[in-house]
Every structure is written in C-alpha cells, then in structure tokens.
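The values are calculated or read from the model by the stated rules, or taken from the named source; none is laboratory data. Just so you know, these numbers come straight off a predicted model, no measurement behind them. For neighbour counting, all protein chains shown are included, and Cβ atoms are generated from backbone atoms with ideal geometry for every residue, glycine included.
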Amino acid sequence: MSHNYSLSMKNITKKFGDFTANENVNLDVEKGEIHGILGENGAGKSTLMNVLYGLYKQTEGDVYINEEKVQIDGPLDAIAKGIGMIHQHFMLISAFSVSENIALGLKSQKEPFIDMVEIKRRIKEVAEENNLTVDPDAMISDLSVGQQQQVEILKALYRGGEILILDEPTGVLTPQESEKLFATLKMIAKKGHSIIFISHKLDEVLEICDKVTILRRGKNVGVVSTENISKKELAGLMVGREVTLSIEKEDIKPGKLVLDVSNLTVKGSTVASSLKSISFSAREGEIIGIAGVDGNGQRELVEAIAGLNKVISGTIKVNGEDITNKSAKEILKRKIALIPESRKVVGSVCQFNLVDNMILRQLYDKKFNCWGVIKYKEANIYTDEIIEEYDIRTAGKSICAAQLSGGNLQKLILGREIHLDPNLLLAMHPTRGLDVGAIEFVHEKLLEQRKAGKTIVYVSTELEEVMGLSDRIIVLYNGKITGIVDQLEASRELLGRMMAGEYIDDIKEASL
Ligand SMILES: Nc1ncnc2c1ncn2[C@@H]1O[C@H](COP(=O)(O)OP(=O)(O)O)[C@@H](O)[C@H]1O
Ligand SMILES: [Mg+2]
C-alpha cells in the first residue's frame, strides 16, 4: 500500500436483523486529515462510527489501525486503541467540574486515590497545546453547549485519542461556535491527528474536510477530495439525483394582521426555554421564521399559540380575537394548524391507520361525522387524495402510522394540516430528518400556502432554510426576542450573533 492510513475500514457490513445499515462500506483516513462522512439521515453514518467505537460489532469486514488489523471490543477498548468519540449528545455529568468529568473512569497512578492536582495540570497542558479554552474548575452546568463540546474534545485528546470522531457536531451550535470548532479541528489535525467529521450539511463538509466519503442507503457512493467538487455535485452524490439548492420565492405584499402576540410569558421545561414577555405580529401572506438554538423557547411559543401550553401573562390574538388559554380544540376550530416538533409523540397516533390519522383533527366535523358515526367512505376518499397529492409512499392506507418512514409520516402530517385550510399554520422543524427531495417538497408546499395568503410561523434551526423561506426572522434566545430582521437584512453572521444572545439595537428596549 502506498498510503499510510491511520484508519481503514474494509468491507464493513452491519445488519440489524434483516435490515442492512452498512453494506460493504470502505473508509480510509490518513494521518493529519479531516475526513468527512456525508449522507442523508439514515444513510448509515452513525452506525459505521458506532462499529469503529466498539458500540456495535460488525456483521462482516475488518478494521485496521495504522495498517494493523484490530478487533474493537467496546468503547474502552476503542479508547485504548486511540479512538475518541464526541457524541451528538454530550455525555458529561453536569453536577461535576470539568476536571472531574475528565478524570472519571480513568486509571489513576495512585489508585484508589485520584491525583486531581496532576490531572488539572495535564488538562491545562493539553488545552494549551490544542488551543482549547477550558477551565478545569468550571462546573459543566455553567458552560454553554459550545464550551461543553470543547470539554468533550479535550477529554478525547486527554485520553490519547489519535483518531477523533465527531458525529454531527454542529447541530447544537451557533454559526460562530461552529467556526470556532472548525478552527480547533484544523489545529488538531495539523498536529497529526485524524479527524472523522460526520454531517449532512454540504457547506460545512466543503469548508472543513480534506476528503469526503459519501454514503447513500448504507453503501459507499464515492470518495472525493473537497478541492475539486462543487456543492451541487456533492448534493447529487448524496441523494442520487440532481437537486436544486435554491428556494425561489415570489414577492408578495403582506395583507391584514393575523397573529398578534403581546407580552407573552410562558413557563417552559427549563429557565432558558421559558418565554419572557415577547411580542411580535404576523400578517397574511407572511412566513415568520423563528430561529435560535434549540431549547430557547421555540416549542413553548408554538405550543402556547396552539393551546397546548399555559400562558402565564400576555395575550395571543388571531384575526382580532383573543385566543389566550383557550383549549386546543377551541383553537383548532379557529383553523390554526400545527405541524409539531415530534411527529411520533404529538403529531400522529402510531397505532392508528392512515385514514384515522388523516381525519384525527376533524373527528367532530360534519364532513366526517354524522351523529357520532365516522363517515369512512368520505374519510377514505379524503385520505387517498392526500396520499396522492403529497406522494406518501405507503403499502396502503390501512397500515398503521408507525410503519411509515419518517419522511412519509411528515408528509402525512403536512398534508393533513394544510388540508384544514388553516388561517395560521404553525410549522415546527417541518424538514428535520428529511432527505433533500422531501425538503424541497415541504418548501414548495409552504410557499404555496404563503401565496394563498396564509400566515405561517416557521420554526427551524437550519439557518439557510430560515433565510430562504421567511419574510421576517425572529431570533429567540433565553426565551426572549433578540431581534426581528427582514429577510433582506439577514445573514448567517447577524443571526448567529443574535442566537448567542446579542440584542440588535432598536429591539432592545422593546423586549426588555
Ligand atoms: N440499533 C438499531 N437497530 C435497528 N436499526 C437501526 C439501529 N441503528 C440504526 N438503525 C437503522 O440503520 C439505518 C442507518 O442509521 P444511522 O447509522 O443512524 O444513519 P445516519 O447516522 O446516517 O443518519 C437507519 O435506517 C436506522 O433506522
Ligand atoms: Mg447519525
């Protein structure tokens, strides 16, 4: 072999029962390289990494580290072999300090005592060597998500990680935090470590990676150098057909006021997600994007409007009528539709078949209910129409919702809610977890609604999508609005600053 690969995975196949999540996958990573693994949701990226980290045992295939065949018996064994993994969800203990978290589970030379002084000294040393800003005495609970991620990276390096795996690390970061992460990773790679960077975001992969291995439906479809490939080509490889990456939006003059939220205060699941006296409005033909890092009050806002979360103070008016603290059923009667955050928990009844799911929101409507008896003939026709129009891939309408794939379930919910002909559509992460084709479809449907003069409140953490679809963008941080910007004024940089808590001028007085 002419290359000196620090890692080679050869012909890895991983089956879960009858299902093949990885099929003959190959991955070669050199020393000092940042290697991307790109693929849509469900392509098998995490599975491959879990095999490498010893969390899963491969059905077939071999792993080589520094050209030597190895067997990885579990995460501890992986760590011993120089593999570190920074998980999508951090595994730090929040009541402990940084140094305690790093020391946890490590062998101490002074067993059974832990030499905290020495550990702290080493932490500082490793942090300095790698340009990480980490205070060993800080409590995890006091750190931002970005800082916690730095601790995870430090922890992996501290344990001698030569090959670092980062599984979708930017999902929880602001653009500025992502930039900082990229600088850190480049620095670590320069020192000779190999980094495996997993993502479904094309821009990121192009920015940070030297090479990319692309997976589609569990198989390799290519290995490319990022130097000579365009975003569009990369997208094509990822989804297996040509894709348009731009969102085309017509100019529409907003109509009359539809949604008027004033001084809204709602208790959330955390302090950060509790809404603290927020005010905004939305008009006909307007898409209002709600951006922010997850957990800053987005869900609380949407649920308060939909009648699923109690309003402590303030008012919500729709078309001039005060709907504050009305029941979800009353609010539905006002034609306020909801695409919820969780498709499976709130969005649908998994055990119900597609027909019952489709008419779920209109059970008491004369259209489908005659003196308490469901009119199944009408319901069946209605369901067929939506399946057809929304291209829901299903074995039939009598299967239960649980058997649909995520994307098809999302289309079902989208179709159901849009067919309510709503005055106001609340859409939370309507494209989360969908492939590029399905995302395009959802965008088209939302823009159709906008064109029909509907009002849409659209919550997303995907900044490109928010900027492409919205007429105005509201950023939520710590349950407050840090700013409302026009689509034309929005940039990643500006939104990123607002997502990190910076108020933009004139908004400041209004929302404090
Ligand atoms: N433990 C498991 N049992 C059964 N199926 C699984 C398991 N883990 C993953 N899968 C399936 O394998 C496929 C690939 O999943 P994953 O590796 O998580 O994809 P990615 O990380 O690319 O989004 C998915 O269809 C997923 O449902
Ligand atoms: Mg994954």
Can you tell me which of (1) polar (S, T, N, Q); (2) surrounded by fewer than 18 Cβ atoms within 10 Å (Cβ to Cβ); (3) at pLDDT 95 or above; (4) within 9 Å of ligand 1 (Cβ to nearest atom) is the one Asn26 doesn't meet?
(4)
Condition check for Glu464: surrounded by fewer than 21 Cβ atoms within 10 Å (Cβ to Cβ), touching a residue at least 24 places away in the same chain (Cβ under 8 Å) and within 26 Å of Lys180 (Cα to Cα)
yes
Restricting the stretch 150-182 to residues that are hydroxyl-bearing (Ser, Thr, Tyr) and over 22 Å from Val212 (Cα atoms), the residue that is surrounded by the fewest Cβ atoms within 10 Å (Cβ to Cβ)
Tyr158
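Looking at Gly171, is it within 25 Å of Asn66 (Cβ to Cβ) and not in a helix (DSSP H, G or I)?
no
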Out of all the residues in the stretch 46-84, which are away from ligand 2 (no atom under 16 Å from the Cβ), in contact with a helix residue (DSSP H, G or I) (Cβ under 7 Å, 6 or more places away or on another chain) and in a loop (DSSP other than H, G, I, E, B)?
Gly54, Gln58, Ile72
Top-ranked residue of the stretch 156-186 - restricted to ones that are among the acidic types (Asp, Glu) and within 16 Å of ligand 2 (Cβ to nearest atom), ranked as farthest from Leu7 (Cα to Cα)
Glu168
Select, from Leu52, Leu76, the only residue that is within 13 Å of ligand 1 (Cβ to nearest atom) and either touching a Leu at 6+ places or on another chain (Cβ under 9 Å) or in the same structural domain as Phe182 (by TED's automatic domain parsing) (or both).
Leu52
Being out of contact with any strand residue (DSSP E or B) (no Cβ under 6 Å at 6 or more places or on another chain), among the hydroxyl-bearing types (Ser, Thr, Tyr) and outside the structural domain of Ile198 (by TED's automatic domain parsing) narrows it down to one of Ser327, Ser281, so name that one.
Ser327
Val442 fails exactly one of (1) more than 19 Å from Glu385 (Cβ to Cβ); (2) at pLDDT 90 or above, namely (1)
So, in the stretch 403-431, of the ones that are surrounded by fewer than 20 Cβ atoms within 10 Å (Cβ to Cβ) and modelled with pLDDT under 85, which residue ends up farthest from Gly295 (Cα to Cα)?
Gln403
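Here's the yes/no breakdown for (1) in contact (Cβ under 8 Å) with a residue 60 or more places away in the chain; (2) out of contact with any strand residue (DSSP E or B) (no Cβ under 9 Å at 6 or more places or on another chain); (3) within 16 Å of ligand 2 (Cβ to nearest atom):
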residue	(1), (2), (3)
Asn4	yes, no, no
Leu7	yes, no, no
Lys15	no, no, no
Glu23	yes, no, no
Leu27	yes, no, yes
Glu30	yes, no, no
Gly36	yes, no, yes
Glu40	yes, no, yes
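Yes/no per residue for (1) on the phi > 0 side of the Ramachandran plot; (2) out of contact with any Phe, Trp or Tyr (no Cβ under 9 Å at 6 or more places or on another chain); (3) surrounded by 18 or more Cβ atoms within 10 Å (Cβ to Cβ):
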residue: Ile12; (1), (2), (3): no, yes, yes
residue: Gly17; (1), (2), (3): yes, yes, no
residue: Glu40; (1), (2), (3): no, yes, yes
residue: Ser46; (1), (2), (3): no, yes, yes
residue: Glu67; (1), (2), (3): yes, no, no
residue: Gln71; (1), (2), (3): no, yes, no
Just to be sure I understand, how many residues within the stretch 255-277 are outside any strand (DSSP E or B) and over 26 Å from the mean Cα position of the chain (by Cα)?
2
Do the conditions hold for Ile252, that is, is it of a type outside the set (D, E, K, R), modelled with pLDDT under 95, within 30 Å of Glu448 (Cβ to Cβ) and not assigned by TED's automatic domain parsing to the domain that holds Ile165?
yes
Looking for something surrounded by 20 or more Cβ atoms within 10 Å (Cβ to Cβ) and assigned to a helix (DSSP H, G or I) - is there at least one such residue anywhere in the stretch 475-494?
no
How do the strands (runs of 3 or more DSSP E) wholly within the stretch 183-227 filter down when requiring 2 or more residues that are crowded, with 21+ Cβ neighbours inside 10 Å: which remain?
194-199, 211-216
Looking for something touching a Cys at 6+ places or on another chain (Cβ under 6 Å), more than 23 Å from Arg241 (Cα to Cα) and small (Gly, Ala, Ser) - is there at least one such residue anywhere in the stretch 378-389?
no
